[in-house]
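Below is a structure I'd like to ask you about.
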Amino acid sequence: MDNKMMIILEDIKSLVKVNIEGQKAFEERFETRLSNIENEMWSDLIAREYGRMRMDIELLKEEVSFLSQNA
């Protein structure tokens with residue numbers, strides 16, 4: 001009976017080990033995907049802000065041009 005218990009315990013040990021390795025792999029993939037999503041979000045945010053700043057600069061140029069023509 002001791003031999004059977006040892007075999008069962010070894011099976012349980014190997015199943016737990018596989019489960020832990022699978023969980024670690026899942027967490028790594030999840031973190032990578034999360035990082036990619038966060039990077040895509042930051043890139044989009046930066047692009048939008050850059051576009052807004054360019055529009056503000058163009059408006060300021062027009063205002064300066066208008067004011068210098070009227071001065």
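The values are calculated or read from the model by the stated rules, or taken from the named source; none is laboratory data. Only a predicted model underlies this, so the values are computations on that prediction, with no experimental measurement involved. Here the Cβ positions follow ideal geometry from the backbone for every residue, glycine too, while neighbour counts run over all protein chains shown. For the accessible areas, the whole protein counts, side chains as well, though only heavy atoms, and no ligand, DNA or RNA atoms are used. Shrake-Rupley method; radii C 1.70, N 1.55, O 1.52, S 1.80 Å.
Once the dipole of the chain is set up with Lys and Arg at +1 and Asp and Glu at -1 on Cβ about the Cα centre, which of 25, 47, 9 lies farthest towards its positive end?
It is 9, whose Cα lies furthest towards the positive end.
Take the solvent-accessible surface of the protein heavy atoms, probe 1.4 Å, and return the percent of it on the chain that carbon and sulfur atoms account for.
After summing per-atom areas, the C and S share lands at 63 percent.
For region 1-40, what ratio Rg/Rh do Cα atoms give with a Kirkwood hydrodynamic radius?
Taking Rg over the Kirkwood Rh, I get 1.42.
Okay, next question. Solvent-accessible area per residue for the chain at a 1.4 Å probe radius, Å²?
100
If you place +1 on the Cβ of every Lys and Arg and -1 on the Cβ of every Asp and Glu, how big does the dipole about the Cα centre of the chain come out, in debye to the nearest 20?
Here the chain has a charge dipole of around 180 debye.
Of 71, 37, 59, which is farthest along the charge dipole of the chain in the positive direction, counting Lys and Arg as +1 and Asp and Glu as -1 at C-beta?
37
Could you identify which residue out of 35, 14, 43 has the top mean-square fluctuation in a GNM of the chain using Cα springs shorter than 10 Å?
Most flexible of the set in this elastic network: 14.
On each of the three principal axes of the Cα atoms of the chain, give max minus min coordinate, whole Å, ordered largest first.
If we take the Cα atoms of the chain, the spans are 103, 9, 6 Å.
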